[in-house]
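Structure record follows, encoded as structure tokens.
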Amino acid sequence: MIDSHGGKNEPAGFWQAVKACSGTAADRRNQYRFVAWLSGWGVTFVGASWLLQNNENFGQALAWSIAILPNLFSVAALIAYLKFLREADELVRRIQLEGLAFGFGAGVIFAMAYFTLEHIGVPKLTGDRTIFVMMMGWVVGQLAATWRYR
């Protein structure tokens with residue numbers, strides 16, 4: 001295929017398509033802010049979980065403070081994500097919402113299917129497994145929508 005400048009117009013590779021569907025400079029700034037808060041949440045969650053699991057000497061007040069800290073990051077991440085979604089261009093918003101829909105649906109299907117399987121002896125499901133499925137579904141849904149709209 002030849003573009004309007006006389007050069008060859010090659011189909012975009014996957015990562016070029018992802019970058020092309022990442023929206024405006026403001027969208028990218030908002031997304032980086034969200035990722036920064038999300039990363040902070042992840043680090044504080046892992047750190048708090050490790051500290052609370054491996055140190056029984058904490059007083060009640062310190063234990064509560066450690067347990068609450070990741071939740072403060074999660075609220076900040078949620079606020080940053082909502083700002084990102086509200087200010088995103090239409091394509092970016094559509095990709096994000098398709099990703100969320102896919103992740104939510106995958107999580108519900110997984111949880112309900114597993115609940116049924118527990119009746120035939122499969123070990124009990126812990127909540128972190130469903131959350132993981134939902135988050136991975138969100139990523140897969142975003143990548144699929146990005147690929148579709150490239």
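Descriptive notes on the structure:
- Some residue of the range 96-114 being outside the structural domain of V35 (by TED's automatic domain parsing) and either on the phi > 0 side of the Ramachandran plot or of a type in the set (V, I, T) (or both): yes
- I131 meets all of the listed conditions (1) assigned by TED's automatic domain parsing to the domain that holds T44; (2) of a type outside the set (D, E); (3) assigned to a helix (DSSP H, G or I) but one, namely (1).
- The residues listed here are L125, L72; of these, the one that is in the same structural domain as R29 (by TED's automatic domain parsing), surrounded by 12 or more Cβ atoms within 10 Å (Cβ to Cβ), free of Cβ contacts under 8 Å to residues at least 40 places away in the same chain and over 13 Å from the mean Cα position of the chain (by Cα) is L72.
- When residues in the range 85-106 are screened for being surrounded by 19 or more Cβ atoms within 10 Å (Cβ to Cβ) and within 13 Å of the chain's Cα centre (by Cα), 5 of them pass.
- Residues that are within 19 Å of D128 (Cα to Cα) and not in a helix (DSSP H, G or I) within the range 50-80 are absent altogether.
- Cβ-Cβ under 8 Å pairs, at least 6 apart or on other chains, the range 134-150 side assigned by TED's automatic domain parsing to the domain that holds A106 and on the phi < 0 side of the Ramachandran plot, far side modelled with pLDDT of 90 or more and loosely packed, with under 14 Cβ neighbours inside 10 Å: G137/G105
- Selection status of G47, assigned to a helix (DSSP H, G or I) and either among the β-branched types (V, I, T) or crowded, with 17+ Cβ neighbours inside 10 Å (or both): no
- Residue among A48, A36, A63 that is outside the structural domain of M134 (by TED's automatic domain parsing), of a type in the set (A, V, I, L, M) and in contact with a helix residue (DSSP H, G or I) (Cβ under 6 Å, 6 or more places away or on another chain): A48
- Residues that are touching a helix residue (DSSP H, G or I) at 6+ places or on another chain (Cβ under 7 Å) and touching a residue at least 60 places away in the same chain (Cβ under 8 Å), drawn from the range 91-122: V92, I95
Conditions (1) surrounded by 13 or more Cβ atoms within 10 Å (Cβ to Cβ); (2) at pLDDT 95 or above; (3) farther than 20 Å from Q96 by Cα, marked per residue:
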residue: G7; (1), (2), (3): no, no, yes
residue: S22; (1), (2), (3): yes, no, no
residue: G40; (1), (2), (3): yes, yes, yes
residue: V43; (1), (2), (3): no, yes, yes
residue: L52; (1), (2), (3): yes, no, yes
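- Residue in the range 65-76 that is under 25 Å from Y149 (Cβ atoms) and at pLDDT 95 or above present: no
The values are calculated or read from the model by the stated rules, or taken from the named source; none is laboratory data. Small disclaimer: the values here were computed from a predicted structure and weren't measured. Every residue, glycine among them, receives a Cβ derived from its backbone with ideal geometry; neighbour counts consider all protein chains shown.
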